[in-house]
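K.L.:
One structure coming up, written as structure tokens, with questions to follow.
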Amino acid sequence: MKTLLSELKTSLVLTIVLAVLLCGAYPVAVWAGAQLLFPRQAGGSLITDASGAVRGSRLLAQNFASDKYFQPRPSAAGTGYDATSSGGTNFGPTSDKLANGSHAKDAAGKPVNDPNNFDGIKDLVAAYRASNGLPADAAVPADAVTRSGSGLDPQISVANAQLQAPRVAKARGLALDAVLSLVAQNTAARDFGIFGEPGVNVLTLNLALDQTAAKP
């Protein structure tokens, strides 16, 4: 009986000690270390404007539809760019729906608005060319017409940004060189100089554009 009580006491003590250490002290230590060493990242890498209002996170894409703004990659997160429903299309590379899309039609064969409509790569290519005034046979960067795995990729390729720059410059009445300069300023280099490709953060670039005055 004494042995059983002794073992029970030991088990209870260990449970309490481990609960305090692993459910209390350890999380607090990790939180405090993150706040001390990486306060911006620990806070969500939030971006604020001059008034202090949060405009978004540099880690999450937002939808910009106006010609005055650079546009991010297409998104399949929820209804698009939904941080609570991060995800891709899950279509394989041979999927006809991924390539050609799926669009409901009426009895006369004309496309109709339907929540199940899906723009395929061919649709996205045509829309991208039309939006940016490109020839019908112009090459289009892959990231401009494919959805990322998360649907929330905050960056676009440098080539994608450069193709969008003339449209943005025209819509804002800015010199093209000025817009391209902002693109360069908001381009992140390869990780450690060797991994990945340079990327342009769409949110920081668009916020920088809003702070740039148009030509008289």
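Values in this text are rule-based calculations from the coordinates and carry no lab data. Being a predicted model, the structure only gives us computed values, none of them experimental. Cβ atoms come from the backbone with ideal geometry, glycine included; neighbour counts cover every protein chain shown.
K.L.:
Mean-square fluctuation check for the chain, GNM, Cα pairs under 10 Å: which of Thr48, Thr84, Thr187 is largest?
P.N.:
Largest GNM mean-square fluctuation: Thr84.
K.L.:
To continue, here is another question. Using 0.36 nm times the number of residues separating Val30 and Asn90, minus their current alpha carbon distance, what extension gain do you get?
P.N.:
Extra length from Val30 to Asn90 when fully extended: 18.2 nm.
K.L.:
Relative to the longest principal axis of the chain, what angle (0 to 90°, nearest 10) does the C-alpha long axis of helix 2-20 take?
P.N.:
30
K.L.:
Binned at 5 Å from 0, what are the whole-percent values of the Cα-Cα distance distribution for region 2-42, short to long?
P.N.:
All Cα pairs considered, the percentages come to 5, 23, 14, 13, 11, 9, 8, 6, 5, 4, 1.
K.L.:
Over the chain, what is the relative contact order in percent, taking alpha-carbon pairs closer than 8 angstrom and at least six residues apart? Spell out each step's value before the answer.
P.N.:
Details: 283 pairs, mean separation 41.1, N = 216.
Result for the chain is 19 percent.
K.L.:
Okay, moving on. Contour minus end-to-end for Cys23 and Phe195, with contour as 0.36 nm per residue of separation and end-to-end as the Cα-Cα distance?
P.N.:
Working: separation 172, 0.36 × 172 = 61.92 nm, distance 3.64 nm.
Separation in residues times 0.36 nm, less the Cα-Cα distance, equals 58.3 nm.
K.L.:
While we're looking at this one, here's another question. How high is the relative contact order of region 24-96, in percent, counting Cα pairs under 8 Å that sit 6 or more residues apart?
P.N.:
14
K.L.:
Further, regarding this structure: Of the candidates Gln35, Gln185, Gln162, which one comes out as most mobile in a Gaussian network treatment of the chain with C-alpha springs shorter than 10 Å?
P.N.:
Judging by the Gaussian network model, the answer is Gln35.
K.L.:
Also, I was wondering about something else. Between the helical axis of 158-172 and the dominant principal axis of the chain, each derived from Cα atoms, what acute angle in degrees is found, rounded to the nearest 10?
P.N.:
Between the helix axis and the principal axis of the chain, the angle is about 60 degrees.
K.L.:
Compute the long axis of helix 26-37 from its Cα atoms, compare it with the longest principal axis of the Cα atoms of the chain, and write down the angle in degrees, 0 to 90, nearest 10.
P.N.:
40
K.L.:
Same structure again: Per residue, how big is the convex hull around the C-alpha atoms of region 94-138? Give it to me in cubic angstrom, could you?
P.N.:
98
K.L.:
Still on this structure, please answer the following. Which length gain, in nm to one decimal place, applies between His103 and Gln211 when the Cα-Cα distance is subtracted from 0.36 nm times their residue separation?
P.N.:
Between His103 and Gln211, full extension yields 34.9 nm more.
K.L.:
Between Ala142 and Gln185, take the C-beta separation as r, use R0 = 22 Å, and let me know the FRET efficiency to the nearest 0.05.
P.N.:
Efficiency computed from Cβ-Cβ geometry: 0.35.
K.L.:
If I build a Gaussian network model for the chain, linking alpha-carbon pairs within less than 10 angstrom, which residue out of Ala65, Ala107, Ala126 has the largest mean-square fluctuation?
P.N.:
Among Ala65, Ala107, Ala126, the largest mean-square fluctuation in the Gaussian network model of the chain belongs to Ala107.
K.L.:
To two decimal places, what compactness ratio does region 73-216 give when its Cα radius of gyration is scaled by 2.2 N^0.38 Å?
P.N.:
Cα-based Rg divided by the globular estimate yields 1.18.
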